[in-house]
Amino acid sequence: MYQAFYKLRGKPFQLTPDPGMLFPSKGHKRAMAYLLYGFEQGEGFVVITGAVGTGKTLLIQKLFEELSHRNLAVASIASANLDGDDILPAVASALDLPYDGRSKEALLQDVKRHLISLHARQAHALLVVDEAQTLTAAALEMLRILSNFEFKGRALLQIFLVGQTELRRVMVSNHMEQLRQRIIASHRLEPMSEEESRAYILHRLHTVGWSNDPDLAPEIFTGVYRASRGIPRKINLIMDRLLLHGYLEELHSLDQAALTVVLDEIRDEMPGVPPTLEVSAALQDLDLTRDAASSQRDGGLASMDLERSKFMLQLLREEVRRREVLLAAPSMAPAVDEAVITDMRYPRSSQEGK
């Protein structure tokens with residue numbers, strides 16, 4: 001609709017991820033560096049997390065563009081609460097392997113044989129798991145087992161876990177130390193700053209041939225940032241609606257009044273919905289700290305139980321030793337036994353009897 005009215009070559013703020021529209025924000029450039037570094041290692045896990053709409057899927061698509069010249073065999077899973085029994089069939093399906101009626105052991109062997117065949121063709125096997133925060137602990141453990149597959153000293157499969165911020169909490173709260181030790185690169189995408197949000201809007205507009213029609217008042221950029229909190233998908237939603245509003249009202253200049261109308265419309269369409277469905281980063285970190293503290297507390301209690309058991313065992317051994325002494329001297333048994341019992345029940349201080 002509005003593309004023709006504003007003489008744009010395409011839709012600048014579509015919600016569908018388009019690698020050609022990727023804005024190289026500081027966070028995305030850093031995340032891409034981690035992805036490329038992790039990929040070059042050729043093993044273990046690479047973990048990318050972030051709030052809904054921060055561009056995780058777009059980032060992965062851009063990575064594949066960067067690696068298009070490489071001999072790469074990619075399998076992708078969009079997980080939806082997969083359990084330990086579901087993950088292997090999902091991996092087999094992603095690798096175009098049959099899985100109906102196959103046992104877990106048979107599927108493991110099928111996957112390993114397939115990965116060895118890819119290795120023989122010098123192909124880098126990469127499994128990308130999107131929405132990984134919905135995986136159960138059993139499913140993550142099965143992925144760890146798959147990441148252990150190797151042939152002649154080389155890992156056969158590398159795994160990228162892409163998910164919302166809570167994925168980190170899932171790995172901590174389930175005490176998945178073995179999996180965490182296999183993470184060779186990890187990065188959390190953060191929302192953009194106000195300055196980056198403005199640059200993001202202009203970048204997308206210029207990509208489709210925008211020539212200041214419509215003209216955007218300075219307060220537009222501030223207002224969009226505050227309403228979106230710097231999350232790219234929210235920016236896209238608001239700006240798309242703003243351009244549509246400008247087209248319907250035949251406006252060639254958009255200001256705060258136009259933005260207010262659009263934001264009010266969006267709120268009216270979704271009454272009661274908070275500005276963001278994501279738990280704030282501060283609360284996520286607080287939950288993560290609590291999970292870590294809980295894990296440490298559990299370890300501390302287990303250590304205390306162990307020390308208590310050792311102490312009780314020591315007392316028991318001492319009691320047995322004293323009874324053996326008493327049995328060896330029967331004539332003194334009554335007096336000594338009473339003295340021992342009294343001493344055990346009411347131990348004298350070091351000052352008594354002096």
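The values are calculated or read from the model by the stated rules, or taken from the named source; none is laboratory data. Please read these numbers as outputs of a predicted model, since none were measured by experiment. We place every Cβ from the backbone using ideal geometry, glycine too, and count neighbours over all the protein chains shown. Please note that ligands, DNA and RNA were not included when accessible areas were found on the heavy atoms of the full protein model with its side chains. Shrake-Rupley method; radii C 1.70, N 1.55, O 1.52, S 1.80 Å.
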**Asked** With respect to the cross-link table entries LYS112/LYS152; LYS7/LYS56; LYS62/LYS234; LYS11/LYS56; LYS7/LYS62, which display a Cα-Cα separation exceeding 23 Å?
**Response** LYS7/LYS56; LYS7/LYS62
**Complete:** The rounded separation in angstrom of the Cα centers of the range 10-38 and the range 145-166 is 23 Å
**Message:** 5 Å is the cut-off here: which amide hydrogens, built 1.01 Å from N in the peptide plane, fall below it relative to ALA73, excluding neighbours closer than 5 in sequence?
**Reply:** HIS124, ALA125, LEU126
**Message:** Order 98-106, 163-171, 146-154 from most to least packed using the mean count of other Cβ atoms within 10 Å.
**Reply:** 163-171, 146-154, 98-106
**Request:** Quick one: what are the phi-derived ³J(HN,Hα) couplings along the range 228-240, Karplus 6.51/-1.76/1.60 with θ = phi - 60°, whole Hz, x for glycine and proline?
**Result:** 9, 6, x, 8, x, 5, 5, 4, 4, 4, 5, 5, 4
**PHE64-ASP215 FRET efficiency (beta carbon distance; Förster radius 41 Å; 0.05 resolution)** = 0.65
**Fill in**
For the range 163-204, the percent of accessible surface on carbon and sulfur atoms (probe 1.4 angstrom, ligands and nucleic acids excluded) is 41 percent
**Asked** Stretched out fully, how many nm does the piece from GLU177 to SER103 gain, at 0.36 nm a residue minus the Cα gap?
**Response** 23.9 nm
